[in-house]
Structures are given as structure tokens and as C-alpha cells.
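Notes follow the structure.
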Amino acid sequence: MCKTKVLTIAVDHAEYVEQLHFCVSSLRQFHPALPVIVYTNLNERMTRCLRPLDVDIRPICVPRRFARHGLRAHGVPRPELDIVSLKVDLPARLDGDVLFLDADTEVCAPLDDLLSSDLPYLHDREYNLIDAEEAWMRRIVGDLPWEQLGLSPPAEPAMYNSGVLFLPSSMRTRCLRLVRRMMKAISYLEGQEANPHCEQLAYSLVLPALGDVLTCRKTIRHYWPEKYDLHVRWYPELNLEGE
């Protein structure tokens, strides 16, 4: 029995169904026996489109209170704002090692090193943060209650892309507990319930504090920049409390 389970999310949007077909097909090309679990709030018609993939489909209830906030002015919906906490909540429901893939990922090569690793993986470091993003991250890092969190602040904070997340079972429980606490601390500093960077920054701070973190940019492609115009830097100005 395979000890690693692959976890992904498909929210109620036709674009995600198409992406998920591509993601799972690319994974199965190299690892046909890996069990894949899809958590989704898709309607019945869209769920039927996933059945040919032979995946374990499990329902979730995605809060819609942030759905109205996104790239509305640019005509691009951002339903992933609704799921910033699910990358923390859902891996806790599974046993064994967990590989989380965003729907907009493509497996480009065998993942044997990743799947046999005792160390966690994130997709890659974000090297192209604009000034507003860099300033936001450094402000949060400087204001966090590190002693209460039981962690040491990083000498040089870095943001990682969490479109790919691998958590070995040996560290998953402790990691998720600390990430939840980190997300609460970040949200408290922000004075709001959720932030589109909250989960990603929490993983970016917690995992390096626990030890080495590996990346997998060469074996898994996360093509979100190709979906959205990189010149539209929406998140520094995003107001989650009003239109």
C-alpha cells in the first residue's frame, strides 16, 4: 500500500476542472499507483467530469464570504481566496505522507526523490516580490510573537510558493499545529480573518524554522503566472473588508 497520498482541491469553477484533469494526468504518467484525493465543492455536473480520473472525491464546504473580493476590476475571479486555510486543515485529515498539489500544476518528471524524502518540500522560493510585498512580509516577521510561537525568527525571511507542498508523516502533525498558530498570529496582526498570503507565509516561516526545506521547481511546474497578468499586482492593495 502506498504511504503517500496526493491531495488537491477543485473549487466550484469550470476552469479548475480542466486544470485538475491536466494535473492528475501528468502525475499518473509517472506514478500511476499514487492515490489521489480531490476535495471539492463542485456541483454534481462538474463532479461527474472528474470521475474518469479515478480519484477519491470528497466534499468540502468552502466559505464564500471572500468570493466577491478578487480581480473583479480586471475580469479575473480569484476563488482561491476562499481556500487559504484548507491547505492546513485538509492534510490533517489524512495519514501517512501528504503531497498537496494546486490544480494548476504539472508533474514533469518522476517524483521518487520527493516521495521518499524525510524532509518537507515547497515548490520554490519567490524571488520576484515587489517592494510592497517585501515590506509587508518583513513587517509581519518583525511583529510576530516568536517566543509565544515557540520558534526563532529567521535571519533572512523568504516567501515560498506553496502550490506544491510535501509533508512527511514524521513532522506533519507538529508542522500543521505550528502553521495554524502562525496563521492566527498573522491574521491578528492584520486585523482580519484571512489574507491571500497568510497560509503561504505561515508555511514559509514555519518549515525553515523546523529544519531544511527542499524545492521541486524542476520536476513540478506551477503555471499560475501564465494564467494571470503578472503586471496586475492586485494583492498589496486588496481590501478584504470592503469593496
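Overview of values
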{"item": "Contact order relative to length of the stretch 76-180, as percent, for alpha carbon pairs under 8 angstrom and 6 or more apart", "result": "47"}
{"item": "Size of charge dipole - the stretch 90-164 - debye, nearest 20, with Cβ of Lys, Arg +1 and Asp, Glu -1, no other charges", "result": "260"}
{"item": "Ranked Phe30, Phe166, criterion: other C-beta atoms within 10 Å, fewest first", "result": "Phe30, Phe166"}
{"item": "Charge dipole (the stretch 98-164, unit charges on Cβ, about Cα centre) - positive-most of Leu122, Leu99, Pro154", "result": "Pro154"}
{"item": "In order through the stretch 102-109: 3J(HN,Hα) via Karplus (6.51 cos²θ - 1.76 cosθ + 1.60), integer Hz, x for Gly, Pro", "result": "4, 4, 8, 10, 10, 7, 9, 7"}
{"item": "Mean-position separation - Cα centroids, the stretch 22-50 and the stretch 114-128, in angstrom", "result": "22"}
{"item": "Spin-label pair Glu133/Asp212, simplified geometry with 7 Å Cα→Cβ offset, distance in nm", "result": "2.7"}
{"item": "Sorted by Cβ neighbour density within 10 Å, fewest at the top, the residues Ile220, Ile130", "result": "Ile130, Ile220"}
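A short reminder: the numbers here are calculations on the coordinates, not readings from a lab. Note that the coordinates shown come from a computational prediction; the quantities given were computed from them, not determined experimentally. No Cβ is skipped: glycine too gets one built from the backbone with ideal geometry, and neighbour counts run over all protein chains shown.
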